[in-house]
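The values are calculated or read from the model by the stated rules, or taken from the named source; none is laboratory data. On a predicted model such as this, the values are computed, not experimentally measured, just so you know. Here the Cβ positions follow ideal geometry from the backbone for every residue, glycine too, while neighbour counts run over all protein chains shown.
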Amino acid sequence: MTRKLTGLLTLLLVVPLQLAAQDVKTVLQAASKAMGDVRSIQYSGTGHFYALGQAYSPTSAWPQNNITSYMRAIDYGSRSSREELTQVEPTPPRVGGALPFAGEQKQINLLSDQYAWNQVGNASQPAVATAEERQLQIWLTPHGFLKAAMENNATTAKKGSGGTVVSFTAGKFKINGTIDNQNMVTRTATWIPNPVLGDMPVETTYSAYKDFNGVKFPTMIIQKHGGYPVLDLVVTSVQSNATLNLSVPDAARTTTLPPLKVTSQKLADGIWFLAGGSHNSVLVEYPTYLVMIEAPLDEARSMAVIAESKKLAPNKPIKYLINTHHHFDHSGGLRTYVAEGATIITHEMNKAYYERVWQAPHTLEPDRLAQNPKKPTFITVKDKYSLTDGGRSLEIYPLEGDTHNAGLMMVYMPKEKILVEADDFSWPAGTRSGPRYHANNVNLYRNIQHLKLDVKTIAPIHGEPVPLSELQKVATS
């Protein structure tokens, strides 16, 4: 009798699963028939591009540029993609981060299976770090979602107010998609790892479908990362089943992510400039502890910088981490210092933001703080903050009138006459051009003059240390 009951229970469990799987297949087949079962898709339009993690303040959206031309071609069989866009800054210029530029900025982003690269003029530049997300983006398109759901054996289909939600897992990514009563894919959603936001939500909505020679495709596309738009497009033309032949450059095939490198340059007794990558940090030694200025990029970079600091000043804990501003490329390593036991010194506007976003799960790429949770401690700065101990002194000042970030701060060491600043002045200056960068140079110089700081050396978070005279040349030209 027990054996019969067990068999009956097993049957009752298996039958609903089989029915659910069959229902999902039916939903996907109906959508594919209604939208058109294509091998490839190419669409063009105009719209806006937004700089992720570069908001002017912690509560504002990502900064917006105008897209004057956009084209994307995807071949689903070969898992390849070509994206071309031309963007210009709006008038008047927006506030917030990301690289300011004059005139037009053109991008060509390519992917062929696991290989990613960018085309800059006649040169191909490997883009190894972007390959995984570019592959994921293929399956977040309407037709790509249907194909990926079939390939990855989607097994759940739930009726919702907006239609039927189909879910599946591809690698480490869980992907959901909504199919409405007209069998159109109206939304796709997933999560990707981000050093600041953790498992960052990526949501794309598709609307205003039109028929393009028998293929249904949305003419309105909006993608959000972390709740704010990163891309919105008005699609004006669509071509299906066009050929996309991409030849992978040798450099894209053979290039791997380079090992992390941290170099140290002694600026003064007990002060080191830690470089070796796109972003720098500055280590300041006090009698019984250390202060680190800036935790850029991510945990890997912070761990490498911390390891170097322990070589330079052994047996001293990092007690404070000074955060110049909240932009993701300058705050991506903050959680590592919290795990290390450091107190975060930041502008007062950032505290509530960090406390909120750091509560998000970090399951896709668990960091040290996710593995061993610890409540962060903060010192907030409004006007000026000084840290003096054992004859060592540093001063922290918010930058008034800055258009790059509302809470941008600089650090001044009066005895050594060293100024540490982020983004407003980077050396060599010729690597960045445009009127907005000139405006930030001028504003930085005016702040130095207004505060009557006797600066001899600028130690920028981007670039290399230079005399104040180099800033003076740019700011007064």
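Please state which of the following conditions GLU151 fails to meet, knowing it meets all the rest: (1) surrounded by fewer than 20 Cβ atoms within 10 Å (Cβ to Cβ); (2) at pLDDT below 95.
(2)
Can you tell me how many residues in segment 87-134 are in a loop (DSSP other than H, G, I, E, B) and touching a Lys or Arg at 6+ places or on another chain (Cβ under 6 Å)? If you could, list the steps in order and put the result at the bottom.
Taking segment 87-134 first, the residues in a loop (DSSP other than H, G, I, E, B) are 89-103, 113-114, 121-122, 127.
Add one more test, that the residue is touching a Lys or Arg at 6+ places or on another chain (Cβ under 6 Å), and what stays is 93, 100, 113.
So the count comes out to 3.
Quick one: would you say LYS456 is among the charged types (D, E, K, R) and within 29 Å of PRO100 (Cα to Cα)?
Working: among the charged types (D, E, K, R): yes; within 29 Å of PRO100 (Cα to Cα): yes.
When the stated conditions are applied, LYS456 passes them.
Filter segment 281-319 for residues that are of a type outside the set (Asp, Glu) and assigned to a loop (DSSP other than H, G, I, E, B) and give the result.
TYR286, PRO287, THR288, TYR289, ALA295, PRO296, LEU297, ALA313, PRO314, ASN315, LYS316, PRO317
Output yes when any residue across segment 72-90 is at pLDDT below 95, more than 26 Å from ILE192 (Cβ to Cβ) and surrounded by fewer than 16 Cβ atoms within 10 Å (Cβ to Cβ), and no when none is. Walk me through it before giving the result.
To start, the set of residues in segment 72-90 that are at pLDDT below 95 comprises 89-90.
After this cut, where a residue has to be more than 26 Å from ILE192 (Cβ to Cβ) as well, the list is 89-90.
Then drop every residue that is not surrounded by fewer than 16 Cβ atoms within 10 Å (Cβ to Cβ), which leaves 90.
Yes, segment 72-90 contains a residue that is at pLDDT below 95, more than 26 Å from ILE192 (Cβ to Cβ) and surrounded by fewer than 16 Cβ atoms within 10 Å (Cβ to Cβ).
What are the residues in segment 281-299 that are in contact with a helix residue (DSSP H, G or I) (Cβ under 9 Å, 6 or more places away or on another chain) and either among the hydrophobic types (A, V, I, L, M, F, W, C) or within 26 Å of ASN194 (Cα to Cα) (or both), if any?
SER281, LEU283, LEU290, MET292, GLU294, ALA295, PRO296, LEU297, ASP298, GLU299
All but one of (1) surrounded by fewer than 21 Cβ atoms within 10 Å (Cβ to Cβ); (2) touching a helix residue (DSSP H, G or I) at 6+ places or on another chain (Cβ under 8 Å); (3) modelled with pLDDT of 95 or more hold for MET220, so report the exception by its number.
(2)
Considering only segment 369-403, state which residues are over 26 Å from GLN359 (Cβ atoms) and either assigned to a loop (DSSP other than H, G, I, E, B) or among the small types (Gly, Ala, Ser) (or both).
Correct list: ASP383, LYS384, SER386, GLY390, GLY391, SER393, LEU399, GLU400, GLY401, ASP402, THR403.
Residues being outside any strand (DSSP E or B) and either not hydroxyl-bearing (Ser, Thr, Tyr) or not assigned by TED's automatic domain parsing to the domain that holds VAL466 (or both): count how many of those fall in segment 257-279.
As a first pass, look at segment 257-279 and keep what is outside any strand (DSSP E or B): 257-262, 269-270, 276-279.
From what's left, either not hydroxyl-bearing (Ser, Thr, Tyr) or not assigned by TED's automatic domain parsing to the domain that holds VAL466 (or both): 257-262, 269-270, 276-277, 279.
Count: 11.
Is segment 148-157 home to any residue that is in contact with a Gly (Cβ under 8 Å, 6 or more places away or on another chain), in the same structural domain as GLN42 (by TED's automatic domain parsing), under 22 Å from LYS224 (Cα atoms) and touching a residue at least 12 places away in the same chain (Cβ under 8 Å)? I'd like the intermediate steps shown before the answer.
To start, the set of residues in segment 148-157 that are in contact with a Gly (Cβ under 8 Å, 6 or more places away or on another chain) comprises 149.
Right, trim to in the same structural domain as GLN42 (by TED's automatic domain parsing) and you get 149.
Subsequent filtering for residues that are under 22 Å from LYS224 (Cα atoms) retains 149.
Then drop every residue that is not touching a residue at least 12 places away in the same chain (Cβ under 8 Å), which leaves 149.
Yes, there is a match, as at least one residue in segment 148-157 is in contact with a Gly (Cβ under 8 Å, 6 or more places away or on another chain), in the same structural domain as GLN42 (by TED's automatic domain parsing), under 22 Å from LYS224 (Cα atoms) and touching a residue at least 12 places away in the same chain (Cβ under 8 Å).
Quick check on LYS415: is it in contact with a Leu (Cβ under 6 Å, 6 or more places away or on another chain), at negative phi and either of a type in the set (Phe, Trp, Tyr) or assigned to a loop (DSSP other than H, G, I, E, B) (or both)?
On the way: in contact with a Leu (Cβ under 6 Å, 6 or more places away or on another chain): no; at negative phi: yes; either of a type in the set (Phe, Trp, Tyr) or assigned to a loop (DSSP other than H, G, I, E, B) (or both): yes.
No: the conditions fail for LYS415.
Okay, residues lined up against (1) among the β-branched types (Val, Ile, Thr); (2) in the same structural domain as MET200 (by TED's automatic domain parsing); (3) more than 26 Å from LYS261 (Cα to Cα):
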site	(1), (2), (3)
SER281	no, no, no
LYS319	no, no, no
HIS327	no, no, no
HIS347	no, no, yes
PRO373	no, no, yes
ASP383	no, no, yes
THR388	yes, no, yes
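Any idea which residue in segment 170-185 is modelled with the lowest pLDDT, counting only those that are aliphatic (A, V, I, L, M) and either assigned by TED's automatic domain parsing to the domain that holds HIS362 or outside any loop (DSSP other than H, G, I, E, B) (or both)?
Pass one, segment 170-185, residues aliphatic (A, V, I, L, M): 170, 175, 179, 184-185.
Next, from what is left, pick out any that are either assigned by TED's automatic domain parsing to the domain that holds HIS362 or outside any loop (DSSP other than H, G, I, E, B) (or both): 170, 175, 179, 185.
Numbers: ALA170: 93, ILE175: 97, ILE179: 96, VAL185: 98.
Result: ALA170.
Among the candidates GLY332, GLY270, single out the residue that is at positive phi and modelled with pLDDT of 95 or more.
On the way: GLY332 fails: at positive phi.
Step by step, each of GLY332, GLY270 is checked, and only GLY270 is at positive phi and modelled with pLDDT of 95 or more.
Of all residues being over 17 Å from GLN29 (Cα atoms) and part of a strand (DSSP E or B) in segment 135-169, which is nearest to the chain's Cα centre (by Cα)? Just the residue, please.
Applying the first criterion (over 17 Å from GLN29 (Cα atoms)) to segment 135-169 yields 135-138, 140, 160-162, 169.
Going one step further and asking which of them are part of a strand (DSSP E or B), we end up with 160, 169.
Numbers: GLY160: 31, THR169: 23 Å.
Among residues in segment 135-169 that are over 17 Å from GLN29 (Cα atoms) and part of a strand (DSSP E or B), the one nearest to the chain's Cα centre (by Cα) is THR169.
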